[in-house]
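The next block holds one structure in the form of structure tokens; read it before the comments.
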Amino acid sequence: MTSNASLHERVQVVHALTQKEYDLLVIGGGIYGACMAWEASLRGLNVALVEAADFGAKTSSNSQKIIHGGLRYLQHLDIARIRESVRERKVLLRIAPHLVRPMSCLMPTYRGLTQPKWMMWVAGVLYDLFSWDRNWGTKDPERRIPATRIVNRRECLALAPDIEDTGVTGGIIWQDGQMKNSERLTLAFIQSAMSRGARVLNYAKVVGINAQQGRVSGVEVEDVLSGRVFNIRAKTICNAAGPWLETLLGSAVSGYKEKIRFSKAVNLVTRSVNDVVALGLPSRTPQSTGRRLFFITPWRGLSIIGTEFSVHDESPDQCRVTQEEIEQFLVELNAAYPQAQLKYEDVLYVQSGLLPVTDPQLKREFGQVDRHYHIWEHAAEGYAGLISVVGVKYTTARDVAEKVLNQITGRKSKRSRRIPVYGGEIEDLDRFMQQAVAQEPAFPEAIIRRLVAEYGTSYSEVLARVDQEDALLSGTTDVLKAEVLYAVNCEMAHKLSDVIFRRLGIGTLGQPADETLVECAEIMAAALNWDDEKREQEIQEVTELFEQLRGVGV
């Protein structure tokens with residue numbers, strides 16, 4: 001695949017973006033924009049995508065890494081959402097087998113009126129009925145989702161021995177999907193679109209939407225890295241800028257009135273508190289009892305705990321999490337799971353993002369998140385051809401893209417349900433892993449398995465850049481220096497934060513060692529011609545980001 005990464009190639013991409021009119025321009029490189037570009041390119045459209053920061057750098061990367069099958073929608077008897085979620089879970093397990101895998105989940109049942117076993121049994125029966133086709137077309141047995149199962153008290157406590165056992169009668173077990181790295185899945189959709197001819201540019205901020213005679217004609221874009229301003233012409237524009245969607249509309253579309261408000265969603269990455277199954281536990285503090293559920297998922301040797309919601313009335317750029325908020329989150333979590341005894345020092349990383357709110361006046365302190373995505377056109381405001389999309393779940397982004405492109409093209413297509421994303425052309429992941437290990441005897445098995453799990457079939461492109469005499473990145477046990485080069489040369493990484501947080505993902509496990517940051521910066525400096533001042537600036541930015549993520553100075 002042609003790389004857009006180096007500065008020279010970036011200049012070429014900017015030039016190419018100005019040379020023709022595109023069938024579709026996508027604003028936003030989160031999971032919704034990425035899926036939109038992939039869906040459109042699959043249908044033969046000339047597609048361009050611009051992202052103001054890095055791909056998937058905001059809400060799309062701040063998920064609990066779960067591909068939901070819709071079990072939670074049973075409480076509203078929202079069968080349509082269940083069916084949609086079951087289908088999309090199956091699709092993602094099939095088209096991105098290296099990045100999405102099944103994960104076992106357990107929710108304890110209790111004596112009395114709180115999650116009694118009989119209620120969970122009914123829920124399991126109904127869910128299995130509504131998801132009867134969950135494994136149709138799934139060839140790899142490791143990708144098949146079993147039926148839900150009710151377990152007794154002994155088995156429940158064997159799976160989760162540290163939970164408060166008072167009143168526990170058993171539990172319900174089901175499987176959902178889990179992403180090891182949601183950032184790389186977003187990038188895989190971007191790369192898939194590029195492989196079909198889409199022109200893609202990160203650090204390209206839309207500063208204006210152009211219209212003529214009541215119809216959009218293109219956008220004005222600022223190259224954040226160079227400061228250059230240029231225009232892209234397009235017949236149709238999809239605004240998938242997430243929480244920035246309305247900021248853009250308010251400044252660019254005359255007559256636009258606010259339609260959506262957002263809630264801040266926060267997850268904590270902590271030391272491991274349960275490494276067997278994902279665990280759902282009801283809250284137990286007086287102010288939140290019965291009104292929320294903690295979900296604790298084992299992830300890369302750690303735990304992700306979520307989710308805390310609160311209405312966010314400020315600019316999306318002001319989405320911050322304070323140390324006070326983190327500590328209050330831990331108070332409530334420790335009340336629900338006393339044996340965890342988590343402290344502020346146990347929090348290694350904080351995920352935060354903005355999601356649309358159903359009704360800002362309803363349960364304001366919790367910022368109840370909408371269950372439904374939104375798609376609307378702006379013809380009535382004098383901008384025919386402009387479509388805005390705001391989603392609520394990572395899981396259903398591909399489905400929403402399919403619906404939008406059906407609307408734009410006037411024809412239905414299901415191709416993206418079957419075609420693997422970039423790196424995902426793998427029918428049997430375990431067999432592919434074994435073959436990769438056998439073909440690369442010069443490398444430890446653990447490294448090859450991790451590379452396949454991150455890059456899929458393109459893992460060999462990373463290995464081709466390895467200097468075997470000095471392969472490992474300082475301060476790590478299984479990350480290769482070649483991955484930094486690959487990120488710059490083939491994955492459009494321009495900043496140290498792109499590599500640390502989203503290409504390698506080592507930053508999402510907590511702050512790396514100073515030597516790791518320094519060596520990453522040195523490799524990037526050599527590849528991108530940074531001087532000493534620029535290199536130190538990039539290191540300082542990443543260090544400040546870690547402080548900000550843990551509420552320091554906020």
- Please name all residue pairs, on different chains or six or more residues apart, with Cβ atoms under 7 Å, provided the first residue is in region 189-214 and is closer than 21 Å to Glu491 by Cα and the second residue is aromatic (Phe, Trp, Tyr). Phe189/Trp38; Ile190/Phe55; Gln191/Tyr422; Ser192/Trp38; Ser192/Tyr422; Ala193/Trp38; Ser195/Tyr422; Asn202/Phe55
- Item | Unique residue being modelled with pLDDT of 95 or more and touching a strand residue (DSSP E or B) at 6+ places or on another chain (Cβ under 9 Å) when the list is Asn181, Asn152 | Asn152
- Check off (1) out of contact with any Phe, Trp or Tyr (no Cβ under 9 Å at 6 or more places or on another chain); (2) part of a helix (DSSP H, G or I); (3) modelled with pLDDT of 95 or more for Glu142 and give me the number that stays unchecked. (3)
- Among the residues of region 420-427, is there at least one that is in contact (Cβ under 8 Å) with a residue 12 or more places away in the chain and more than 27 Å from Lys139 (Cβ to Cβ)? no
- Given Val542, Val462, Val499, Val488, which one is under 23 Å from Leu7 (Cβ atoms), out of contact with any Leu (no Cβ under 9 Å at 6 or more places or on another chain) and among the β-branched types (Val, Ile, Thr)? Val499
- Specify the residue that is nearest to Arg101 (Cα to Cα); the eligible residues are those in region 445-460 that are charged (D, E, K, R) and under 24 Å from the mean Cα position of the chain (by Cα). Glu454
- Note on the structure: Screening Ile419, Ile426, Ile447, Ile523 for residues that are touching a Phe, Trp or Tyr at 6+ places or on another chain (Cβ under 8 Å), modelled with pLDDT of 95 or more and either under 30 Å from Tyr22 (Cα atoms) or among the hydrophobic types (A, V, I, L, M, F, W, C) (or both) leaves only Ile426
- Task: Examine region 208-215 for a residue that is exposed (fewer than 15 other Cβ atoms within 10 Å of the Cβ), at pLDDT below 95 and not in a strand (DSSP E or B), and state whether such a residue exists.
- Result: yes
- Query: Can you tell me which residues in region 418-449 are surrounded by fewer than 17 Cβ atoms within 10 Å (Cβ to Cβ), within 24 Å of His68 (Cα to Cα) and of a type outside the set (A, V, I, L, M, F, W, C)?
  - Reply: Arg418, Glu425, Glu427, Asp428, Asp430
- Task: Read through the list (1) farther than 30 Å from Leu509 by Cβ; (2) touching a residue at least 12 places away in the same chain (Cβ under 8 Å); (3) assigned to a helix (DSSP H, G or I), then give the number of the only condition that Gly33 fails.
- Result: (1)
- Message: Please go through region 454-470 and give me each residue that is touching a strand residue (DSSP E or B) at 6+ places or on another chain (Cβ under 9 Å) and surrounded by 17 or more Cβ atoms within 10 Å (Cβ to Cβ), ordered by number.
- Response: Val462, Leu463, Val466
- Can you spot a residue in region 474-489 that is touching a residue at least 60 places away in the same chain (Cβ under 8 Å), crowded, with 20+ Cβ neighbours inside 10 Å and on the phi > 0 side of the Ramachandran plot? no
- Query: Restricting attention to region 196-212, which residues are in contact with a strand residue (DSSP E or B) (Cβ under 9 Å, 6 or more places away or on another chain) and over 11 Å from Glu51 (Cβ atoms)?
  - Reply: Arg196, Gly197, Ala198, Arg199, Val207, Gly208, Ile209, Asn210, Ala211
- Hey, among the residues in region 312-329 that are at pLDDT below 90 and surrounded by 18 or more Cβ atoms within 10 Å (Cβ to Cβ), which one's farthest from the chain's Cα centre (by Cα)? His312
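Are any of the residues in region 425-444 on the phi > 0 side of the Ramachandran plot and outside any loop (DSSP other than H, G, I, E, B)?
Checking region 425-444: not a single residue is on the phi > 0 side of the Ramachandran plot and outside any loop (DSSP other than H, G, I, E, B).
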- Taking the condition within 20 Å of Leu348 (Cβ to Cβ) and either free of Cβ contacts under 8 Å to residues at least 12 places away in the same chain or outside the structural domain of Leu187 (by TED's automatic domain parsing) (or both), does Gly507 pass? yes
- Query: Of the numbered conditions (1) buried (at least 22 other Cβ atoms within 10 Å of the Cβ); (2) farther than 27 Å from Thr138 by Cβ, Leu45 satisfies every one except a single condition; which is it?
  - Reply: (1)
- Query: Do you know which of the residues in region 496-511 that are surrounded by 21 or more Cβ atoms within 10 Å (Cβ to Cβ) and over 14 Å from the mean Cα position of the chain (by Cα) is farthest from Ser182 (Cα to Cα)?
  - Reply: Leu496
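The values are calculated or read from the model by the stated rules, or taken from the named source; none is laboratory data. Since the structure is predicted, the reported quantities are computational estimates derived from the model, not experimental observations. Note that we place each Cβ from the backbone using ideal geometry, even for glycine, and neighbour counts take in every protein chain shown.
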